[in-house]
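Engineer: Got a structure here, written out as structure tokens. Questions coming.
The values are calculated or read from the model by the stated rules, or taken from the named source; none is laboratory data. Being a predicted model, the structure only gives us computed values, none of them experimental. Neighbour counts are summed over all protein chains in view; Cβ atoms, including those assigned to glycine, are modelled from backbone coordinates with ideal geometry.
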Amino acid sequence: MRKIFNYFLNGFLVVAPIGLTIYILFSVITWLDNLFELKWNDQHIPGLGLLVVMLLVTAIGFIAKSFMVRPFLILAERILHRTPLVSIIYSSIKDLFDAFVGDNQKFNQPVLVRINGADQCYKMGFVTQNSMVALHRPGLMAVYFPHSYNFSGELLLVPEENVSFLDLPSSEVMKFIVSGGVSKL
């Protein structure tokens, strides 16, 4: 009986990640298809909504890079930043996207931080500010520590001497942290 249960667990560990990935992808594609409800010759084509969204976002990106549109985007962003409540939501989402994607990526300096001088405990994170002079703490750095298996983390101000920069790709360090140390570096 125990052997059968172990076989079941092994099968579950193989099937669950694959099944959940397929389910999530299928749900997103179905949602996008239903959002646009596009048909070709009176037939519903799966994935057409996803294609339309990708083309639309690419076109918006192309237009947004135009020097004539840039002033309007800056004006719209100023308005969003000055509108109560909207500014909190917009700036938080924009900062989150800017941290991971684009020209101003924030999590590009992976570090290893000694947590306690007595114990040999270390934590992996990313430098977000090299100096805390603005807080009148010149010897401290801002380091963000993502949580494992979660979309959250914590920011600690740590002494510079406790920080060791890692010569590793940021994406690999993030994957290692978020996986709880299970993925390979």
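Engineer: Considering only residues that are more than 27 Å from F97 (Cβ to Cβ) and among the acidic types (D, E), which ones fall in the range 115-172?
Structural biologist: D119, E160, E161
Engineer: Is it the case that the range 164-185 has a residue that's surrounded by 13 or more Cβ atoms within 10 Å (Cβ to Cβ) and either modelled with pLDDT under 75 or in a strand (DSSP E or B) (or both)?
Structural biologist: Among the residues of the range 164-185, not one is surrounded by 13 or more Cβ atoms within 10 Å (Cβ to Cβ) and either modelled with pLDDT under 75 or in a strand (DSSP E or B) (or both), which makes the answer no.
Engineer: I would also like to ask the following. So which residues in the range 62-90 are touching a Leu at 6+ places or on another chain (Cβ under 8 Å) and among the hydrophobic types (A, V, I, L, M, F, W, C), if there are any at all?
Structural biologist: Listed by number, the residues that qualify are A64, V86.
Engineer: Has the range 62-81 got at least one residue that is part of a helix (DSSP H, G or I), at pLDDT below 85, surrounded by 13 or more Cβ atoms within 10 Å (Cβ to Cβ) and of a type in the set (G, A, S)?
Structural biologist: no
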